[in-house]
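Please read the structure below before turning to the comments.
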2 protein chains.
Amino acid sequence: MVAGSKRARGGSGRVKLEEVARKANVSTATVSRAFNEPDKVSEEVRQRVKDAARALNWIPNAAGRALASRRTHIAGAIIPTLDDEIFAHQIGGMQTVFSERGFTLFLGCSNYDPDEGLRQAEAMLARGVEALAVVGENHPPELFDALNSRGIPYVVTYSYSKLSPHPCIGFDNRAAFSRMTEHLLALGHRRFAAIFQPDTNNDRVKERLRGIGEALTAAGLEIAAQDLMMGPSTLEFGASSLARLMTQAIDARPTAIVCGNDNLALGALMAARELGLDAPGDFSITGFDDLAISSRLSPRLTTMKVDNQQIGVLAANELLAVIAGRQERAQSREVVPDLKIRESAGAARSR
Amino acid sequence: MVAGSKRARGGSGRVKLEEVARKANVSTATVSRAFNEPDKVSEEVRQRVKDAARALNWIPNAAGRALASRRTHIAGAIIPTLDDEIFAHQIGGMQTVFSERGFTLFLGCSNYDPDEGLRQAEAMLARGVEALAVVGENHPPELFDALNSRGIPYVVTYSYSKLSPHPCIGFDNRAAFSRMTEHLLALGHRRFAAIFQPDTNNDRVKERLRGIGEALTAAGLEIAAQDLMMGPSTLEFGASSLARLMTQAIDARPTAIVCGNDNLALGALMAARELGLDAPGDFSITGFDDLAISSRLSPRLTTMKVDNQQIGVLAANELLAVIAGRQERAQSREVVPDLKIRESAGAARSR
DNA sequence: CTGAAAGCGCTTACAG
DNA sequence: CTGAAAGCGCTTACAG
C-alpha cells in the first residue's frame, strides 16, 4: 500500500472499470473495448471481461465515459407544459424512440416562458445533450445561437413552415385553420367568431389566427372585434365566450365559431345546451385536437386530428440520424392534420 | 509549443475553464471557486472571473464537473405512460421544482413493462442520477436493490401505504375505493358492479379492487363474476361494459357501478344515454380522477380528485431534502383524495 | 488482438 | 484568499 503518498480523494465508492480489468486479468483498454467495440476483442477475452463485470455488478460511470469520449447519449426536449396532452404525447413518442437507441431523455417545461425555456436549454447543454427538440419557434435567439455554435442538432416541433430557418417536425398551423375556415365558408357561413387560447409567446396560436384571417379575407370577410374571444384554454372560458357571443341580436350574431382547440369548443357546446341552443341548428362550431370525447359527445365535434406521438417519433428519428452522422442536418417533416367532418358544423341557416 | 510531444486528443472544441482562468489571470481552482464557493474568493477576483467567463461564453462541462465532484445535479423519474394526464401532471410538478433547484430531470416511460422500467432506471443510474422517483411499487426487486446499494434516495409515487417498505408519496388506493364503495352502500345499494382498467403489473389497480372488495365484504356483499368488467381504459370499453351489464334482467342487474377512473365512467354514461337509461335514475355510477369535464357533463359525475401535480412537487421536495443532507431518508407523505359527491350516484331505488 | 499511458474538463485537499 | 497539482473514471491514439 502506498496510501498516504497520494492525496485523499474519496472516490464514489462504486465499482469501477479498473476493478473489472483486474478481475478479468486484462488492461482497462480491453474492458472498454469489450463493451464498446466488441469486434476488436477476442471471443474468449470478451467473455472473461463480461463475466467479471457481471460478477462485480459494474455499471460504467457515464461522467467518466462522457469526458473521455465526448459522447453522453443524452437528448433533451423542451415543451411549454405537460398539462396539455398534446405535448405529453409528443414526449411519450420521443422518449420511447430515444430509449430504444440507448439515449436517455432530459425533459424541461418552460410554462410558456421563453426565458425559462432558455435557462433549461442551457442547463441541458451544460450536461452535454447531443440533440434537442423544442416546441415551436418562439424562443430567444440565444437559444438557437447556442445550439448552432456548438453544432448540436435540433428540431422545432408541432409547427411547420417551409419558410422556417429551422428544421420543423409538425404541421402548418396556419394552413390547418385556413382549411377549417374554408370548410365553414363552403357551408355558407358569412359571420364568423373565434374562441381562442392566448397567443402570447405562442407562434402556433398566432399562425392559427392568421390562417382564419386569410381564409376570411379571401372571401371578403373578417371577424369583428367583439367576436374574437381570447382567454384561458378551459371549458369555462369556452362556455362563457359562447354565452357572450349569443347575447348579440339573433340576426347579427355569428353563425360559425372557430375554436382554437377542442376543449374550448366542448365548453362552448355545454354552455349552448344550457341556453337551449344547439349545434348545428343554431350555430356551427369547430375544434382542434380531436380529443377522445369529442367524437362521442352529442353533437359530435367537427375538428382536426394531429398524430402527436408520431411527431415525437419523427423528431427523435431525425435527431438520431444526425447524431449517427447519417445526415448533416435534421430534415423538416410535415405531418398533415386530418379534418374530421362531423355534426357540430353544418350548413348556414338562410335568413 | 510542445505540440507533437503529446498525444492528439481532439477535445470538445468548447471553451473550457482553463481558458477562463488564463483570461482572468487566475488559477483554475479560483475559477471553480468563483462559481461554486463564491465566498471563498475576493470580490474583485470573483468579478474578474465572471467577466472572463461571460466574455468567452463559457458553459461548464458537466461531465468534468460530475467526475471531479461526484455530483451530477440530475434526478430521474420513471412513469408508466405520459398518455395518462395523471402521470403527466406529476411529472410537470416535479420538473418545475427540480428545475428551480438547479436539477435537470431525466424522464423514462415504462409503458407498464416492469423490465423496461428497470432498464431505464439502470440507464439513469449509470448517468449518475442523484435521486429517482418511480410510480408505484410494482417493480423488479433489482430496481430497489440497485437504488439501495448505491444509497440513491428514491420515492414511490401515486400509491401510499403505511406498510410499504418504501417512502411513498401518494394516496391509499385501497382506502379511497373503500370509501367510495361505502358512499354507495350508504345510499342503499346492494348489487354492485365494477368497470376497471387492467390490473396487470399495476399494484394501484389491484389495491382499488381490494378496497371495493373489503367494503362490500364488511356489508356481507360481493361483486358477482359477471359484474366485474376489466379492459382498456377507454370510453369505448366503459360504454360496452355498461351495455353488457344492462342486458341482465332488470331486477337482477347491478344498481351501483364503481369505475376505475372517470374515463370509463364517462364512457358508460354515454352508452347509457343511447340506451335510454340514465343515472342516478336507473343506476348509480362513480369514477376516479375528476377530469375537468366530469363535473360539467350531465349527470355530473361522483368521483374523487387527487392533486397529482402536488404529488410531483412533494416527491421532488422530499428527494431534494435527502440530497441536501437535511434528512436521512425520504419521508412518506399521504395525499388524501377528495370525494366529490355529485349527481351520478344517488339513492338506490326500492324494488 | 492487447496494453501502457495520456488525456477528457473539472474539483478539492493541501500548502502557503 | 489563492495556486499547483492530483485525482475523478473512463476512452483511445499509439505501439507492439
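Local charge for A:VAL49 was computed over the other residues whose Cβ lies under 15 Å away, with Lys and Arg +1 and Asp and Glu -1, and equals +2.
Roughly to the nearest percent, how much of the accessible area of region B:286-329 is carbon and sulfur, given a 1.4 Å probe? Each step should come with its number before you reach the end.
Values: 720 of 1680 Å².
Roughly 43 percent of what the probe reaches on region B:286-329 is carbon or sulfur.
Per residue, the accessible area of region A:17-68 comes to 61 Å², computed with a 1.4 Å probe over protein heavy atoms only. Name the shape class, rounded, prolate or oblate, that the alpha-carbon gyration tensor gives for region A:173-305, where a ≥ b ≥ c are the square roots of its eigenvalues, rounded holds for a/c under 1.5, and otherwise prolate holds if a/b is larger than b/c and oblate otherwise. Taking the square roots of the gyration eigenvalues as a ≥ b ≥ c, region A:173-305 is rounded.
When accessible surface is computed with a 1.4 Å probe, chains A and B are found to bury approximately 4200 Å² between them, both chains counted. Residue ranges B:259-266, B:82-89, B:317-324, A:248-255 sort as B:259-266, B:82-89, B:317-324, A:248-255 when ordered by packing (mean number of other C-beta atoms within 10 Å per residue, highest first). Contact order for region A:173-305, expressed relative to its length and based on alpha carbon pairs under 8 Å spaced 6+ residues apart, stands at 25 percent. Phi angles across region A:284-297 convert, under the Karplus curve 6.51 cos²θ - 1.76 cosθ + 1.60 with θ = phi - 60°, into 3J(HN,Hα) values of 10, 8, 10, x, 7, 2, 6, 4, 3, 6, 5, 8, 10, 8 Hz, Gly and Pro given as x. Here is the list for region B:113-197: trypsin sites (Lys or Arg not before Pro) lying in DSSP coil, each with at most 13 other C-beta atoms within 10 angstrom of its C-beta, are B:LYS162. Computed over neighbours whose Cβ is under 14 Å from that of A:ARG119, the net charge equals -4, Lys and Arg +1, Asp and Glu -1. Rolling a 1.4 Å probe over the protein heavy atoms gives region A:207-264 an accessible area of 42 Å² per residue.
The stretch between B:ALA55 and B:GLN331 holds 94.9 nm of extra length on full extension. This uses 0.36 nm per residue minus the Cα-Cα distance.
Would the protein assembly as shown count as rounded, prolate or oblate if I go by the C-alpha gyration tensor, calling it rounded below 1.5 in a/c and otherwise prolate when a/b exceeds b/c, oblate otherwise? Oblate, because a/c is 1.5 or more while a/b does not exceed b/c. Legend: mean number of C-beta atoms from other chains within 10 angstrom of residue C-beta atoms, peptide B:71-82, equals 3. In sequence order, region B:163-171 has phi-based couplings of 8, 5, x, 10, x, 10, 10, x, 10 Hz under the Karplus curve 6.51 cos²θ - 1.76 cosθ + 1.60, θ = phi - 60°, and Gly or Pro positions carry x.
Tell me, what % of the accessible area of region A:162-272 is carbon and sulfur with a 1.4 angstrom probe?
Answer for region A:162-272: carbon and sulfur cover 57 percent of the accessible area.
Relative to the Cα centre, the charge distribution of chain A, modelled as +1 at Lys and Arg Cβ and -1 at Asp and Glu Cβ, gives a dipole magnitude of about 1500 debye.
Could you tell me whether region A:17-68 comes out rounded, prolate or oblate from its Cα gyration tensor? Rule is a ≥ b ≥ c as square roots of the eigenvalues, rounded for a/c under 1.5, then prolate if a/b exceeds b/c, otherwise oblate. Cα axes put region A:17-68 in the oblate bin. Size of chain B: Rg and Dmax of its alpha carbons, in Å, are 27.1, 99. From its DSSP helices (H runs of at least four residues, each -39,500 (n - 2.57)), chain B gives a residue-normalised ellipticity at 222 nm of -13500 deg cm²/dmol.
Residues whose amide H falls under 5 Å from that of A:MET304, counting only those 5 or more places apart or on a different chain, are A:GLY287, A:PHE288, A:ASP289, A:ASP290, A:LYS340, with hydrogens built in the peptide plane.
Placing a label point 7 Å from the Cα of A:GLU343 along the Cα-to-Cβ direction, the distances to the matching points in the other copies come to 1.9 nm, shortest first. Distances, shortest first, from the label point of A:ASN111 to those at the same position in the other copies read 3.3 nm; the point lies 7 Å along Cα to C-beta. Averaged over peptide A:125-131, the number of partner chain Cβ atoms lying within 10 Å of each residue's Cβ comes to 5. For the residue pairs A:LYS162/A:LYS305; A:LYS340/B:LYS206; A:LYS16/B:LYS206; A:LYS16/B:LYS16; A:LYS23/B:LYS16, alpha carbon separations beyond 30 Å are given by A:LYS340/B:LYS206; A:LYS16/B:LYS206; A:LYS23/B:LYS16. Counting charges near B:ASP227 (Lys, Arg +1; Asp, Glu -1) among other residues having Cβ under 10 Å from its Cβ returns a value of +2.
Across region A:17-68, Cα pairs under 8 Å and at least six residues apart give a relative contact order of 36 percent. In this structure the amide hydrogen of B:ALA193, modeled in the peptide plane, comes within under 5 Å of the amide hydrogens of B:ALA256, B:ILE257, B:VAL258, none closer than 5 places in sequence on its chain. Scanning residues 5 or more positions from A:ILE169 or on other chains, those with amide H under 5 Å from its amide H are A:VAL156, A:THR157, A:TYR158, A:SER159, A:ARG333, with H placed 1.01 Å from N in the peptide plane. Comparing each chain alone with all protein chains together (probe 1.4 Å, DNA, RNA and ligands left out), the residues of region A:102-118 losing at least 30 Å² of accessible area are A:THR104, A:LEU105, A:PHE106, A:LEU107, A:CYS109. Across chain A, Cα pairs under 8 Å and at least six residues apart give a relative contact order of 16 percent.
Which FRET efficiency value, to the nearest 0.05, do you get for B:ALA249 and A:ASP338 by plugging their Cβ-Cβ distance into 1/(1 + (r/R0)^6) with R0 = 60 Å? Display every interim value, and only then the final one.
Details: r = 43 Å, r/R0 = 0.72.
FRET efficiency, B:ALA249 to A:ASP338: 0.90.
Taken residue by residue and averaged, Cβ atoms of other chains lying within 10 Å of the Cβ of A:266-272 number 2. The trypsin sites (Lys or Arg not before Pro) of region B:6-107 that DSSP puts in a loop, and whose beta carbon has at most 11 other beta carbons within 10 Å, are B:LYS6, B:ARG7, B:ARG9. Take B:LEU163, move 7 Å from Cα toward the beta carbon, and the resulting point lies 6.5 nm from the same point in each other copy, nearest first.
If you take the alpha carbon atoms of region A:15-120 and fit the smallest convex hull around them, that volume is 123 Å³ per residue.
The values are calculated or read from the model by the stated rules, or taken from the named source; none is laboratory data. Everything numeric here is computed off the predicted structure, so don't read it as measured data. Here Cβ is always computed from backbone atoms with ideal geometry, including for glycine, and neighbour counts include all displayed protein chains. Ligands, DNA and RNA are excluded from the accessible area calculation, which covers all protein heavy atoms including side chains. Shrake-Rupley method; radii C 1.70, N 1.55, O 1.52, S 1.80 Å.
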